[in-house]
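Read through the structure below, which is laid out as structure tokens, and then see the notes.
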Amino acid sequence: MEQKYMNYKSAETEIVIKKSRFLSFIKRTESEEEAKAFIAEIKKEHKTATHNCSAYIIGKSALIQKADDDGEPQGTAGVPILEVLKKEELYNAAVVVTRYFGGIKLGAGGLIRAYSKGASSAVKEAGKVVEVPVVPLTVTLDYTFTSKFEHYLETAEAAIVSQNYTDKVSYVLHVKEKGVDAIVNTLKEITSNSFDYEEGAIIIAEETV
């Protein structure tokens, strides 16, 4: 099984189902140790909760994965959370769904739906990214050309990483490899070839999806 995405950011959501509160937390975790530490942190923070159920997947190939029901009936909490991670094709992610019991039993089916919904809400709030190979491109040009250049970048396969303003403007861009020539050629047109650029070695960057 090959997972495609990582969560863009950490997130926390809350839903209420039949008076039970379900707090859901997601964090990017690069190792099993980080995932366990995150789960322990949430358990400590919510030690008065009825349950702190969790799941995580480490690595694109999902060789490391674990689900924990934390006292809920077997297979009704941890596994549904894990299944959400699999369905969303996430890796290097840990999710904890904390339940504060509201006095009304949900039954096995209700628990599965509740923990799945909680995990899904956290994943949606966190967003997703994919790793892509990009070329770091440093472009330096006169202020008079910045408006046209930035307008062009809105439709180009490039992202502005940083800008530096001195007597000229320098942009650090992350460009899809196939888009480098197009940017350079466009700059030649916009600036009448009065610009400087430096192309770096390919690196791996993250792109939101």
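The values are calculated or read from the model by the stated rules, or taken from the named source; none is laboratory data. What you see is a predicted model, and the numbers here were worked out from it, not measured in a lab. Counting neighbours? That spans all protein chains shown, and the Cβs are built from the backbone with ideal geometry, glycine included. SASA here: full protein model, heavy atoms, side chains in, ligands and nucleic acids out. Shrake-Rupley method; radii C 1.70, N 1.55, O 1.52, S 1.80 Å.
Given the options LEU137, ILE17, ASN164, identify the residue whose Cα lies farthest towards the positive end of the charge dipole of the chain (+1 on Cβ of Lys, Arg; -1 on Cβ of Asp, Glu).
Farthest towards the positive pole: ILE17.
Where does helix 78-87 land angle-wise versus the long Cα axis of the chain, in degrees 0 to 90, nearest 10?
Approximately 30 degrees, to the nearest ten.
Leaving out ligands and nucleic acids, note down the accessible area per residue over the chain with a 1.4 angstrom probe, in whole Å².
54 Å²
Order 163-174, 96-107 from most to least packed using the mean count of other Cβ atoms within 10 Å.
96-107, 163-174
So, with a 1.4 angstrom probe, what is the percent of accessible area on the chain that is carbon and sulfur?
After summing per-atom areas, the C and S share lands at 49 percent.
With springs connecting C-alpha atoms under 10 Å apart, model the chain as a Gaussian network and identify which of GLY78, GLY118, GLY179 has the largest mean-square fluctuation.
Judging by the Gaussian network model, the answer is GLY179.
For Cα extents along the principal axes in Å, pick the label among (1) 72, 32, 27; (2) 101, 33, 26; (3) 51, 42, 31 that corresponds to the value derived from the coordinates.
(1)
Using the structure shown, list the pairs from LYS66/LYS105; LYS27/LYS47; LYS27/LYS117; LYS66/LYS87 with a Cα-Cα distance above 24 Å, or answer none.
Violating the 24 Å Cα-Cα cut-off are LYS66/LYS105.
Calculate, for LYS148 and SER10, the FRET efficiency according to 1/(1 + (r/R0)^6) with r their C-beta to C-beta distance and R0 35 Å; round to the nearest 0.05.
0.40
May I ask you to derive the FRET efficiency for ILE160 and LYS66 from their Cβ-Cβ distance with R0 = 45 Å, giving the value to the nearest 0.05?
Once the sixth-power term is evaluated, E becomes 0.70.
Quick one: which residues, 5 or more positions from LYS128 or on another chain, have an amide H under 5 Å from its amide H? H modelled 1.01 Å from N in the peptide plane, none for Pro or chain starts.
TYR8, VAL209
Taking square-rooted eigenvalues a ≥ b ≥ c of the alpha carbon gyration tensor, is segment 10-106 rounded, prolate or oblate, where a/c under 1.5 means rounded and, failing that, a/b exceeding b/c means prolate?
Judged from the Cα gyration tensor, segment 10-106 comes out prolate (a/c at least 1.5, a/b above b/c).
Could you work out the relative contact order of the chain, using alpha carbon pairs under 8 angstrom and six or more residues apart, expressed as a whole percent?
It comes to 23 percent, rounded to a whole number.
Setting aside same-chain residues fewer than 8 positions from LYS19, which aspartates and glutamates have a Cα under 19 Å from its Cα?
Of all the aspartates and glutamates, those that pass the test against LYS19 - Cα under 19 Å, at least 8 places apart if same chain - are GLU72.
Would you please put 12-24, 194-206 in order of how densely packed they are, using the mean number of other Cβ atoms within 10 angstrom per residue and starting with the highest?
With the highest mean Cβ count within 10 Å placed first, the list reads 12-24, 194-206.
Report, to the nearest 10°, how far helix 180-191 tilts away from the longest principal axis of the Cα atoms in the chain, using its own Cα long axis and a range of 0 to 90°.
50 degrees
Which cross-chain or sequence-distant (5 or more) residues have an amide H under 5 Å from the amide H of ALA62, H modelled 1.01 Å from N in plane?
GLN3
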